[in-house]
Amino acid sequence: MISLKDPTFELRKKFILKYTELVKSFPLIDKIQNREFAFLFWDKDYMVRHRGFSNPQLFLSELKGVAPRHAYLSAALYNSPADKIMSNKGWMGCDFVVDIDSDHMDLSCQKKHDFYICVECDYVSKENITKCPKCEGLIRKQLWLCDECLQASKNEVIKLVDDFLPDFGIIKDNIILNFSGHRGYHIHLREEFIRAMNSEERRQIVDYMTATNFEPDDFFMYKQNIGSFLGSTIDDAGWKGRIANNFLKILNKHDSIESFDLEFGHLDLDAKIKHILFGTDKREHIRNQLLNKNKYWTIRDVGKIGWEKIKKFLLTISKCDIDVPVSIDTHRLIRVQGSIHGKTGFIVKPLDYYEMINFNPLSDPIVFSMDQKKLVKMEITTPKCPEIRIQAEYYGPYTKGEKIDLPEAVGVFLACKGVAILL
Ligand SMILES: [Zn+2]
Ligand SMILES: [Zn+2]
């Protein structure tokens, strides 16, 4: 039963209506009979787990019936997915899932749009605090999203798929990709040899992608005796080639410090190094060494310390920023593709690689109405509601107590974010 006192009552009604529509053309779920399902509902703060469905019809009728706030399925396949005891489920293998989410990245936009707000006194902080300094009340994390952080997530996906997966023999046509419905993307790899891997084997892949414990002993070091950096060539395989190619790409792309800073200014590469690499004719010199496949890199005026800084920078931009625990857990639950994300009202959208390139995460996963003739009445409940772009329009910023008429999709977004209520 829906309780009338529930502040999410109106929102939940909208999810019920929307799911009734969505189940009519729901994306197919691979090996549905072998997956565990889990739901988070509106009025319970715990997850209902260990659900199993022997066919898609049963799952869709449940989804339509309960219209959960969040819906998950296991990356793992089981003989008895609904068994409540994990060891009795009969593990058959697990998709390798990569979760890329701007939440884990350090981005300049987050400082503009993320707030930490006291639930008692509305004290607003830009710092990630756990207790209110004024009244000791609990803090609500109000994390936002914008084009910049969504683009950062997309760039990481492109890096993963283009730079790393080919090292494991996986081509872009063989990946399953979903927009997460919030700030990132999920990549599922389903090759049999990958499904059979245990956690430790997965960790080795993850370490490779994230350059964890990366201590090359045969390259990427300054050689004092010859005054050169032993680098690598653009024809080398794996990490060697990746670093040389990325160095060359950056030197090709940026012919001034200003241009470099537009892309990498947030990474605080030493000003002197930036000047040498992008503000003098030494750029051309090192570019030629890379193009000529010389593995010894030499720049006049750059010694051991300078090369260490360049090395650190090249490693930072070359490694992949992924949520590590998701990839190594062989029992992980992950959002159901085609479901609605309860923190945005956006759909978890299946995409192929090429669709992802042109995918617009603040337009394309919108499933609620943008009809200007069917506006919903909203009241803002947070002291700081940042601006949000939904399709072509920007909405907000708003302040507490404001009453506004908004397209349904925008109202649902704000209500899901917990910053407004549908009246
Ligand atoms: Zn407070
Ligand atoms: Zn952002």
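The values are calculated or read from the model by the stated rules, or taken from the named source; none is laboratory data. In this text, all values refer to a predicted model and were calculated from it rather than measured experimentally. Positions of Cβ are backbone-derived with ideal geometry, glycine not excepted, and every protein chain shown enters the neighbour counts.
A few notes on this one:
- Flag if ASN155 is surrounded by fewer than 16 Cβ atoms within 10 Å (Cβ to Cβ) and part of a loop (DSSP other than H, G, I, E, B): no
- Per the conditions (1) over 25 Å from ILE176 (Cα atoms); (2) part of a loop (DSSP other than H, G, I, E, B), the sole criterion not satisfied by GLY65 is (2).
- Qualifying residue in segment 27-47 (condition: among the polar types (S, T, N, Q), modelled with pLDDT of 95 or more and out of contact with any helix residue (DSSP H, G or I) (no Cβ under 9 Å at 6 or more places or on another chain)): yes
- Scan of segment 129-183 for residues that are charged (D, E, K, R), within 16 Å of ligand 1 (Cβ to nearest atom) and without any contact (Cβ under 8 Å) to a residue 24 or more places away in the chain, ordered by number: LYS131, LYS134, GLU136
- GLY241 vs. criteria in contact with a strand residue (DSSP E or B) (Cβ under 7 Å, 6 or more places away or on another chain), at negative phi and of a type outside the set (Lys, Arg): no
- Only a single item in (1) loosely packed, with under 14 Cβ neighbours inside 10 Å; (2) among the β-branched types (Val, Ile, Thr); (3) touching a residue at least 24 places away in the same chain (Cβ under 8 Å) is not met by ILE250, and it is number (1).
- Of the residues making up segment 265-290, those that are part of a helix (DSSP H, G or I) and over 29 Å from the mean Cα position of the chain (by Cα) number 17.
- Given (1) within 16 Å of ligand 1 (Cβ to nearest atom); (2) within 18 Å of ILE380 (Cα to Cα), number of the condition ASP114 does not satisfy: (1)
- Filter result for ARG195 (over 27 Å from ASN358 (Cβ atoms) and modelled with pLDDT of 90 or more): yes
- Any hit, segment 39-56, residues being crowded, with 17+ Cβ neighbours inside 10 Å, of a type in the set (D, E, K, R) and assigned to a loop (DSSP other than H, G, I, E, B): no
- ASP30 being in contact (Cβ under 8 Å) with a residue 24 or more places away in the chain, assigned to a loop (DSSP other than H, G, I, E, B) and closer than 30 Å to LEU423 by Cβ: no
- Per-region count, segment 93-140, residues surrounded by 17 or more Cβ atoms within 10 Å (Cβ to Cβ), away from ligand 2 (no atom under 13 Å from the Cβ) and part of a strand (DSSP E or B): 11
- A single entry from LEU4, LEU11 fulfils the requirement of being touching a Cys at 6+ places or on another chain (Cβ under 8 Å) and at pLDDT below 95: LEU11.
- Residue match in segment 195-207 (condition: in contact with a Lys or Arg (Cβ under 9 Å, 6 or more places away or on another chain) and not hydrophobic (A, V, I, L, M, F, W, C)): no
- Taken over segment 349-393, the residue count meeting the criterion of being within 16 Å of the chain's Cα centre (by Cα), touching a residue at least 40 places away in the same chain (Cβ under 8 Å) and more than 24 Å from VAL23 (Cβ to Cβ) is 4.
- Counted residues, segment 60-70 - those being in contact with a helix residue (DSSP H, G or I) (Cβ under 9 Å, 6 or more places away or on another chain) and farther than 13 Å from THR20 by Cα: 1
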